Amino acid sequence: MAGAGGAGGAAPVPVPPWYHRDLSRAAAEEQLARAGRDGSFLVRDSESVAGAYALCLLFQKHVHTYRILPDEEDFLAVQTSQGVQVRRFKTLSELIALYLQPNQGLVCTLLFPVEREKEKETVEDRDYSDGEDEKPPLPPRSGSTTFSGTSMGLSPTGLGPSVPEGPMESTNGLSSISHEYLKGSYTMDLEAVKGGANSLPHLNKTLVTSCKRLHSEVDKVLAGLEILSKVFDQQSSPMVSKILQQTAGQSGEQELENLVLKLSVLKDFLSSIEKKALKALQEVSSATPATPPQPLSRKAKSIPVQTFEVKLDITLGDLTKIGKSQKYTLSVDVEGGKLVVLKKQKDSQEDWNTFTHDKIRQLIKSQRVQNKLGIVFEKEKDKTQRKDFVFVSARKREAFCQLLQLMKNKHSHQDEPDMISVFIGTWNMGSVPPPKNINSWVTSKGLGKTLDEVTMAIPHDIYVFGTQENSLGDKEWVDFLRTVLKDFTEVEYRPVAMQSLWNIKVVVLVKPEHENRISHVSTSSVKTGIANTLGNKGAVGVSFMFNGTSFGFVNCHLTSGNEKTARRNQNYLDILRLLSLGDKQLSSFDISLRFTHLFWFGDLNYRLDMDIQEILNYISRKDLEPLLKVDQLNLEKEKHKVFLRFGEEEITFPPTYRYERGSRDTYVWHKQKPTGVRTNVPSWCDRILWKSYPETHVNCNAYGCTDDIVTSDHSPVFGSFEVGVTSQFISKKGLSKSSEQAYIEFESIEAIVKTSSRTKFFIEFYSTCLEEFKKSFENDSQSSDNINFLKVQWSSRQLPTLKPILSEIEYLQDQHLLLTVKSLDGYESYGECVIALKSMIGSTAQQFLTYLSHRGEETGNIRGSMKVRVPTERLGTRERLYEWISVDKDETTASKGKVLLGARATQDNAKSVGRKPTSAELPTTILAKLPEEPEKSSTAAAPRPPAAHRCTPRDEATPSWSKAEAMPELSGGPLKNSFNNPAYYVLEGVPHQLLVQGDPGKYPKAKVQLAVPERCQCPSACCGGESDEEEDLGTLNLPPPDFPPPPLPRELELPPNTFFGSTKELLVSSGCEDPKSHPAAFGEAPLPKLHPRPPPATTAGFGMEGAGGMPVTGVLPAAGGLPTPGGLPGGLLDDRSCSVLQMAKTLSEVDYGGEHPGGPG
């Protein structure tokens, strides 16, 4: 293919300075914007067509993109309109030379080339290894190796780079030695034979040299076999002992004779061991009574009955009647499928009830009291009773819930699981073999959030091990891990895949019963070492389908060094773009959007930006909060530079790097380098993050590190997850007739994209529920109030109607729709997103609103109105196992006999640093708190909304970094919506809805309205809930200095140095908030007076409305802090505090509080 310099066979020439290789479209636009002159241009690789280029030209502050395509003969031409003559060129330089001349058909002449930024790399910048050696470890014979598991074991399915061309050398150098003999010594032996000699001394010397390594290898084998032989026969072979005791100092001929003798003894010894073993085993079998033969794969251990000491949680009124809280014992029999509730009496009598698994209707976790759990029992037909129990600790409550889920799953009538457990482990092994015992790693035992000893012994369904600087061979490492798991679980785990890049390895092992549920296994690797050609740094990945759910696992080792944050960020972006995993039809999407669940882990090498002594002081005091605030990964995530919308469990364990080997008591931070002493401060280098589609279930039960594996300077890190999965759905009604066909219909879509281009756009729709991807027509309107952003809109006539391959609601509520917004000029993506169909199902249109991203960068937002029409005869559904547990956000607000509706946003909305989302952010439906007295059962359980409108519940989280993210409480009146930027407050693809009071069955048309919040001066009691006096203030997040701030409406203009209180102060809950519970951040600065909109009419609803009763969540702005139009101030008024999407907000068709004081139009 013709390159930047010449055609395929031409001699290489210097790369032109205006050619930027794989520069992204967004980065190209930024460079041209900085150049600022009409006629500025550059050329980059096309993102849509391999081997093509994109010519980007700035004219009147807009970027115009022209595609340069190769033809069959590798000639290059600018893509032209139909009828315009095509001009072909051999090289890219020749093409550009023509368009440097005026009047060639472009919007303007190419005048000012924008040169690529030169990469500077000094000796200090070179990144080798965090290990003790300065040189990078030698790669294995093939740089990247893949093994895929089969029922017979591991078989190689792909190899990395081939051996370099040139003379092949065997490992013991025989080829070169033979060559030297034939070239030189051969003639001397020939002369000796001519002289009558009967020996060949030079050949003998050559053979002795060649076989030197073979001597030692045979000795090792013989020594090992002698030990094995003594197991069956105490008499060892005298010949073997004699050979092993022989010393060196033999002549060449004697050495060769000795080698031949050793090989002969080895052959006889192997045969004799087999005979001895057979005889010994026969004697043992005859001496002991006959036992039935054991199956090859032993059955997994049965789980014994587990008991939990609890207290009944009772109200103050009940307490006066009873006298004091009552003690209970809960016994869980997983194998028998029952729960025994035992009440302890004073007179040693016991009152007990047994509930079978099908009589336990729901578990309701308290978010406010971490060790409290409500259990809803079915007493009689259509009669339920709820009892609230307080456990000894939150960990005991989690263990109880996991056991009950396991019991439900074990005795379920479903053929396929709804939920599986996944273990993720990452460990930089420091180029040292592992110790024999790594049980603490695989059982999530050590420091941080660990599993309870009850659940620790339960085997996971899938184990994923990521290692860095692993010196073991691939098969040796897989066999070692399988042996460890078999010894611990008594389960013969099967290998799904193994991928390695030099010493970076990822291994996936699965329970035998799941082996047939796994398909479409894919592996890949990306090098990010020096010049992106060395594999000492990079990533390996594995992906597969588990029934109907796609999984991706990425293990990476990023650039080391305290000051290399920017390069680590670039490593991440390179891996995101280049790792080839998953469905090839989704190549338009980076890997963060290709999988239902993506887990990313490894030695990410992000460090702590703090003085070493301060770090050590905080660690010694076990005060991790200040350290997490200076963690580079948390800071970069906050700026949206890496791991956009990824979740991470709360870190409650000490930094895992850099320990003194052999100890976990001492950190070693000085390291001698050729360039001087290098400081490696203790840091959380080893991390586990994840990203899941909206309205799916994933919950982290453990996240910590071991404290007893000391061979490396890193501690192994573990994570334990429960993950919702879907089955390969088979319709019981057969294929849909035309009258029973489900439809996905769009009323309108609007996108705001970050671009200075003014081209037209279309949308591509992808989903596993579609036979093939679909395209919209080009947008029918667009506008721009800002040079860097463009608002594009599609009406219903421009958008396709999509027909799913199956029409059952049970199938459709598990499906997701992937959208990519592409330009007509270059067919390149300007942003991608994912939308869950679950909340879109219904006869009326629902609103969706989410963010767009491309190549790991947030590039805009997208919203619209759509509905999924399902025929009535296909509306049957069922409850998933993970929906059985819900979270009671604030049980004090739940009055008896009333349904409490809550909402929470998934991890994609969690803006806290290094934290998973709080429960307040996760959507769930909560069963009413029912009467607790045994003799007064309620007549019926509170009805649940249909599953189609229900968001997946998740286990409640530990308190997040910034609790200011908690959503406003839902109470009597309509919810005031105080978000300032839709893309920051909306779950990926999940609509924000509010159930209108007075008519619960009717959902009004949705309309986006923004309000500037009003500070309520009333006491907190009127809000219908408790004040959050104990909650922390939100952290201030300053984004990178991308752009100047957008103009503000005059009504919202503020003094230049005004400081604001935390965002939590401005989250309005049903019209009021206690001012005392939120001291202003930064020294009690007064809150500026805003211009609030009067409360909307009750019937109008407020915010984005739709089915399901989910109010808009008020969450911290991700880039935190500028008082944007229609928004709330959350930090400093500063040139740096304007994010891409806050600028995009100036283009949105919404009403602002200051501009429309009269209320919603």
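The values are calculated or read from the model by the stated rules, or taken from the named source; none is laboratory data. This one's a predicted model, so the numbers in the text were calculated from it and none came from an experiment. Virtual Cβ from ideal backbone geometry, glycine too; neighbours counted across all protein chains shown. Calculation scope for accessible area: heavy atoms of the full protein, side chains included, ligands and nucleic acids excluded. Shrake-Rupley method; radii C 1.70, N 1.55, O 1.52, S 1.80 Å.
Kindly indicate whether Glu309 is at pLDDT below 80 and either part of a loop (DSSP other than H, G, I, E, B) or open to solvent by 70 Å² or more (accessible area, probe 1.4 Å) (or both). For Glu309, the condition - at pLDDT below 80 and either part of a loop (DSSP other than H, G, I, E, B) or open to solvent by 70 Å² or more (accessible area, probe 1.4 Å) (or both) - is not met.
Restricting Leu266, Leu244 to residues that are among the aliphatic types (A, V, I, L, M) and at pLDDT 70 or above narrows the list to Leu266. Every residue in the stretch 596-611 that is under 10 Å from the mean Cα position of the chain (by Cα) and within 26 Å of Asn503 (Cβ to Cβ), please. The answer is Leu598, Phe599, Trp600, Phe601.
Test Thr656 against the criterion of being open to solvent by 50 Å² or more (accessible area, probe 1.4 Å) and either of a type in the set (Ser, Thr, Tyr) or over 21 Å from His557 (Cα atoms) (or both), and give yes or no. So Thr656 fails the test.
Suppose the filter is crowded, with 20+ Cβ neighbours inside 10 Å and out of contact with any Gly (no Cβ under 7 Å at 6 or more places or on another chain); does Leu598 pass it? No: the conditions fail for Leu598.
Restricting attention to the stretch 41-91, the residues that are within 13 Å of Ser757 (Cβ to Cβ) and touching a Lys or Arg at 6+ places or on another chain (Cβ under 6 Å) total 2.
Residues in the stretch 819-840: is at least one at pLDDT 95 or above, open to solvent by 10 Å² or more (accessible area, probe 1.4 Å), of a type outside the set (Ser, Thr, Tyr) and part of a strand (DSSP E or B)? Taking every residue of the stretch 819-840 in turn, at least one turns out to be at pLDDT 95 or above, open to solvent by 10 Å² or more (accessible area, probe 1.4 Å), of a type outside the set (Ser, Thr, Tyr) and part of a strand (DSSP E or B). Would you mind finding the one in Ser560, Ser587, Ser550, Ser543 that is open to solvent by 10 Å² or more (accessible area, probe 1.4 Å) and either in contact (Cβ under 8 Å) with a residue 12 or more places away in the chain or on the phi > 0 side of the Ramachandran plot (or both)? Selected residue: Ser550, the only one of Ser560, Ser587, Ser550, Ser543 that is open to solvent by 10 Å² or more (accessible area, probe 1.4 Å) and either in contact (Cβ under 8 Å) with a residue 12 or more places away in the chain or on the phi > 0 side of the Ramachandran plot (or both).
Could you tell me whether the stretch 371-387 includes any residue that is in contact with a Pro (Cβ under 9 Å, 6 or more places away or on another chain) and not basic (Lys, Arg)? Yes. For the stretch 337-368, a residue qualifies if it is free of Cβ contacts under 8 Å to residues at least 60 places away in the same chain, surrounded by 15 or more Cβ atoms within 10 Å (Cβ to Cβ) and in a loop (DSSP other than H, G, I, E, B), but none of them does. Inside the stretch 624-643, residues that are open to solvent by 10 Å² or more (accessible area, probe 1.4 Å) and over 19 Å from Ser715 (Cα atoms) make up a count of 11. Annotation note: of Thr455, Thr443, Thr489, Thr467, the sole residue that is modelled with pLDDT of 95 or more, open to solvent by less than 30 Å² (accessible area, probe 1.4 Å) and under 21 Å from Asn701 (Cα atoms) is Thr443.
Given the condition over 30 Å from Phe400 (Cα atoms), of a type in the set (Val, Ile, Thr) and outside any strand (DSSP E or B), answer yes or no: does some residue in the stretch 467-482 qualify? Looking through the stretch 467-482, at least one residue is over 30 Å from Phe400 (Cα atoms), of a type in the set (Val, Ile, Thr) and outside any strand (DSSP E or B).
In summary, Gly662 fulfils each of the numbered conditions (1) touching a Ser or Thr at 6+ places or on another chain (Cβ under 6 Å); (2) open to solvent by 10 Å² or more (accessible area, probe 1.4 Å); (3) part of a loop (DSSP other than H, G, I, E, B); (4) not hydroxyl-bearing (Ser, Thr, Tyr) with the single exception of condition (1). Going by the structure shown, is Ile322 over 30 Å from His460 (Cβ atoms), open to solvent by less than 50 Å² (accessible area, probe 1.4 Å) and at pLDDT below 85? For Ile322, the condition - over 30 Å from His460 (Cβ atoms), open to solvent by less than 50 Å² (accessible area, probe 1.4 Å) and at pLDDT below 85 - is not met. Against the conditions (1) crowded, with 19+ Cβ neighbours inside 10 Å; (2) under 20 Å from Val15 (Cβ atoms); (3) of a type in the set (A, V, I, L, M), Ala52 satisfies every one except (1).
Among strands (runs of 3 or more DSSP E) lying entirely in the stretch 739-800, which contain 1 or more residues that are surrounded by fewer than 17 Cβ atoms within 10 Å (Cβ to Cβ)? If you could, list the steps in order and put the result at the bottom.
Values: elements: 743-754, 761-766, 781-783, 789-795.
Answer list for the stretch 739-800: 743-754, 781-783, 789-795.
Matching residues to (1) buried (at least 22 other Cβ atoms within 10 Å of the Cβ); (2) at negative phi; (3) touching a residue at least 60 places away in the same chain (Cβ under 8 Å):
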position: Pro459; (1), (2), (3): no, yes, yes
position: Asp474; (1), (2), (3): no, yes, yes
position: Thr483; (1), (2), (3): no, yes, no
position: Val496; (1), (2), (3): yes, yes, yes
position: Gln499; (1), (2), (3): yes, yes, yes
position: Ala539; (1), (2), (3): yes, yes, yes
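Quick grid of which residues meet (1) in contact with a Ser or Thr (Cβ under 7 Å, 6 or more places away or on another chain); (2) modelled with pLDDT of 95 or more:
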| residue | (1), (2) |
| --- | --- |
| Leu635 | no, yes |
| Phe643 | no, yes |
| Glu649 | no, yes |
| Pro655 | yes, yes |
| Trp669 | yes, no |
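If only residues of the stretch 675-685 that are open to solvent by 10 Å² or more (accessible area, probe 1.4 Å) and touching a helix residue (DSSP H, G or I) at 6+ places or on another chain (Cβ under 7 Å) are counted, the one that is modelled with the highest pLDDT is Thr679.
Just give me the residues in the stretch 849-870 being basic (Lys, Arg) and either farther than 21 Å from Asn569 by Cα or part of a strand (DSSP E or B) (or both), in sequence order.
Arg863, Lys867, Arg869
From the list Arg116, Arg37, Arg87, Arg21, the one residue that fits, being open to solvent by 30 Å² or more (accessible area, probe 1.4 Å), assigned to a loop (DSSP other than H, G, I, E, B) and in contact with a Pro (Cβ under 9 Å, 6 or more places away or on another chain), is Arg116.
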